[in-house]
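Participant: Here you go, one structure.
The values are calculated or read from the model by the stated rules, or taken from the named source; none is laboratory data. Just so it is clear, the structure is predicted and the values come from calculations on it, not from any experiment. When we count neighbours, we look across all protein chains shown, and the Cβ atoms used for this are built from the backbone with ideal geometry, even at glycine.
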Ligand SMILES: C[S@@+](CC[C@H](N)C(=O)[O-])C[C@H]1O[C@@H](n2cnc3c(N)ncnc32)[C@H](O)[C@@H]1O
């Protein structure tokens, strides 16, 4: 029987490469090492609990950010009172997500492969947090832009306080370049966009939306110079339409001036501006990205991206304490055919949505199709129809057969990297994972795969098989029906 029951999807976790993923900051140790921090640290009221700080005290959160940047990243940093104070673990997640995008192989690299990674931080703020983190963690170079005097002055001060990074970071005043421009989108590609990580080989189609001229100041056009190329842009946009809407989160105090938090039309308008500019600068960036604060806005923005004809959209959810935030990324570069590689970063969960399913197809039919797909790949499957889950086991031999078959559909380049790996690593005997199917609403099903042993060196096979599953299900249940 088809269940309408919704099941809880696991919350997103901190990025595995985030320095704090295994071990959160030790406030007790930091207080001992940095006397200026110690007045803000108090012991836990619970026996055996960890020391904490008063998250509603701006001075405490600012001092925490200062010592984390200094202690863990070797970065000297400060911001004046009231400016937006970033939390280092949260901001690091966005940097690592971009790192994943850049290494994902979904789109080709720029021609000169020895080029260092170069990013553009739109609205870098007084805190200049993304350039400082990207440069100190990964050696990336950045242009950080902003429009307020305070942000520009303090971003520059923060760069100058770090001579070891200052060569890597340029702060640009976006006011110097504000102008209006005629936008003539070139022929582009239409994506199959969804609210979960998805990519599709692009077809060459004219964009549906023809933009005329901008009434709002640009964020990238003009600020980016004619001959410049960037690997990515990133942005933590002003989220709110008014300072009243911004309000105050009683649980934390991260500061933030109206200029930092508010923009006419809120984040939707700001990110729309980035999208508009990306149409013009489609060849100057490999990836365009932005943070998004509201899921409803994410949906609207994904639709806009479809309209302007991007070739690829990716989304992710960031852990931000109690608050959800999303990452939105897009590109106009054609997706590489063999972009599904076995050597993708280890990821123990994958998910995708099937949307627009016909009435007769629900969770039950999708679960059966998942089972058939893995059986056809030689796996042993055990279906649990009561919890809408299929357990999948692939033996080492079966994986070997898949690899010998060329995993032709999985990406040739990766095979050699797998075979190299196999000489170095002791492979486990089998690959175990389960795939769950959740009916989100009539016509929309979420498919989620979870690897049982996340450090399995064969997790790349899991990722690749899962991508193939997505392709097969979309083909059978979504695309064919659309075409018919
Ligand atoms: C939410 S703050 C982000 C600051 C910092 N990146 C962070 O994550 O903490 C948004 C920033 O965007 C800046 N901003 C607003 N309009 C802009 C524009 N047209 N170009 C560049 N920056 C802009 C604001 O001044 C503010 O510093």
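Participant: Does residue 47 qualify as being assigned to a loop (DSSP other than H, G, I, E, B), under 30 Å from residue 285 (Cα atoms) and away from the ligand (no atom under 15 Å from the Cβ)?
Facilitator: Spelling it out, it is not the case that residue 47 is assigned to a loop (DSSP other than H, G, I, E, B), under 30 Å from residue 285 (Cα atoms) and away from the ligand (no atom under 15 Å from the Cβ).
Participant: Also, quick follow-up: Going residue by residue through region 175-198, is there one that turns out to be under 26 Å from the mean Cα position of the chain (by Cα), closer than 17 Å to residue 121 by Cβ and modelled with pLDDT of 85 or more?
Facilitator: no
Participant: Kindly indicate whether residue 366 is in a helix (DSSP H, G or I), modelled with pLDDT under 50 and surrounded by 17 or more Cβ atoms within 10 Å (Cβ to Cβ).
Facilitator: no
Participant: Within region 454-467, can one find any residue that is at pLDDT 85 or above, in a helix (DSSP H, G or I) and within 18 Å of residue 363 (Cβ to Cβ)?
Facilitator: yes
Participant: Moving on. Quick one: which of 79, 98, 129, 122 is out of contact with any strand residue (DSSP E or B) (no Cβ under 6 Å at 6 or more places or on another chain), under 22 Å from residue 229 (Cα atoms) and buried (at least 22 other Cβ atoms within 10 Å of the Cβ)?
Facilitator: On inspection, the qualifying residue turns out to be 129.
Participant: Just the residues that are touching a helix residue (DSSP H, G or I) at 6+ places or on another chain (Cβ under 9 Å) and either under 18 Å from residue 78 (Cα atoms) or surrounded by 12 or more Cβ atoms within 10 Å (Cβ to Cβ) (or both), please, taken from region 43-55.
Facilitator: Answer for region 43-55, where residues must be touching a helix residue (DSSP H, G or I) at 6+ places or on another chain (Cβ under 9 Å) and either under 18 Å from residue 78 (Cα atoms) or surrounded by 12 or more Cβ atoms within 10 Å (Cβ to Cβ) (or both): 50, 51, 52, 53, 54, 55.
Participant: Return the residues of region 285-310 that are in a loop (DSSP other than H, G, I, E, B) and away from the ligand (no atom under 16 Å from the Cβ); say none if nothing qualifies.
Facilitator: Listed by number, the residues that qualify are 309, 310.
Participant: Would you tally the residues in region 151-180 being farther than 18 Å from residue 70 by Cβ, part of a helix (DSSP H, G or I) and in contact with a helix residue (DSSP H, G or I) (Cβ under 8 Å, 6 or more places away or on another chain)?
Facilitator: Total meeting the criteria: 1.
Participant: Additional query: Is at least one residue of region 103-119 more than 10 Å from the ligand (Cβ to nearest atom) and surrounded by 24 or more Cβ atoms within 10 Å (Cβ to Cβ)?
Facilitator: yes
Conditions (1) outside any loop (DSSP other than H, G, I, E, B); (2) not assigned by TED's automatic domain parsing to the domain that holds residue 277, marked per residue:
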{"position": "35", "(1), (2)": "no, yes"}
{"position": "55", "(1), (2)": "no, yes"}
{"position": "68", "(1), (2)": "yes, yes"}
{"position": "116", "(1), (2)": "no, no"}
{"position": "119", "(1), (2)": "yes, no"}
{"position": "125", "(1), (2)": "no, no"}
{"position": "133", "(1), (2)": "yes, no"}
{"position": "137", "(1), (2)": "yes, no"}
